1. May I ask you to say which residue of Leu91, Leu79 is surrounded by 12 or more Cβ atoms within 10 Å (Cβ to Cβ) and outside any loop (DSSP other than H, G, I, E, B)?
2. Filter the range 197-214 down to the residues that are without any contact (Cβ under 8 Å) to a residue 40 or more places away in the chain and surrounded by 18 or more Cβ atoms within 10 Å (Cβ to Cβ) and list them by number.
3. Would you mind finding the one in Glu93, Glu100, Glu66 that is of a type in the set (Asp, Glu) and at pLDDT below 85?
4. Residue check: is Ile73 touching a Pro at 6+ places or on another chain (Cβ under 6 Å), within 20 Å of Gln54 (Cβ to Cβ) and not hydroxyl-bearing (Ser, Thr, Tyr)?
Amino acid sequence: MSGDTEYCQHGRHWSRPAHVLRKCPGMAGHANYQFIHAKIWRMIAQALFTPAQQKLLGLLFVRVNEGFHLNEIMRLTGLGSASAQRELRRLHESGLITSERIGNVRRFWPNKESLVYPELSGLVQKTFGIVGVLSMTLAPLRAQLHLAFVSGATAKGQDMPGSAIDLLLVGEEANYGDLLTGLAPAERTLRRKINPNLYTLADYRRRLREGQPFLLQVLQQPKLFVIGDESQLHALALPDSSMQANDTPSVF
């Protein structure tokens, strides 16, 4: 397509200037929906948790396999000693976190055996955890992105201390340099490197047709959706009018 082409097709869209967004309600609507959705999750977090609790849960339930002692928690969250100890005691007494004395210090982790761990972990991820942070970071690029999700060890809950976050994105005309620049604040907030894999829609579908091992493996594994969901993922895999129905292998 030429630089001034204005194109929009059934919600599967190619990014264009603002006047084109107004002509493509499905395109603008999808971006607005995702942004509003992220803001709603933030409002839920603010209604359920105090700022201190958000900082503490955001640390423990995002870097779940690291374990932190009190001084680390204070340094990484900015909480004072009394506030940090009070919130840790409440979470520990409720069974939401566990602790172990290692040497001269006590380290704290999320309690994965808690009955509400999956629900609380999911809520944290969607609000002030990894998904919430990435969602707000990618907000300026939403009109250019069809899909974005965290994959790999982080999505499986098996990431190790200091490990990178793998992020797969499908979009049109999203600049890789702009993406890296935009992700820098998220890296600082999460204190982890983010490894983005950015595909155009055409390239994404081509790799599916060719059965690229890396992409097929990623799609078959757990995901933390930042933009889009499973239905959007399936829709992007569907062939367009230039493809035959059997061109795309089954990957789900």
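1. Leu91
2. Leu198, Tyr199, Tyr204
3. Checking each option against the conditions leaves just Glu66.
4. Spelling it out, it is not the case that Ile73 is touching a Pro at 6+ places or on another chain (Cβ under 6 Å), within 20 Å of Gln54 (Cβ to Cβ) and not hydroxyl-bearing (Ser, Thr, Tyr).
The values are calculated or read from the model by the stated rules, or taken from the named source; none is laboratory data. Computed from a predicted model, the values in this text were never measured in an experiment. Counting neighbours? That spans all protein chains shown, and the Cβs are built from the backbone with ideal geometry, glycine included.
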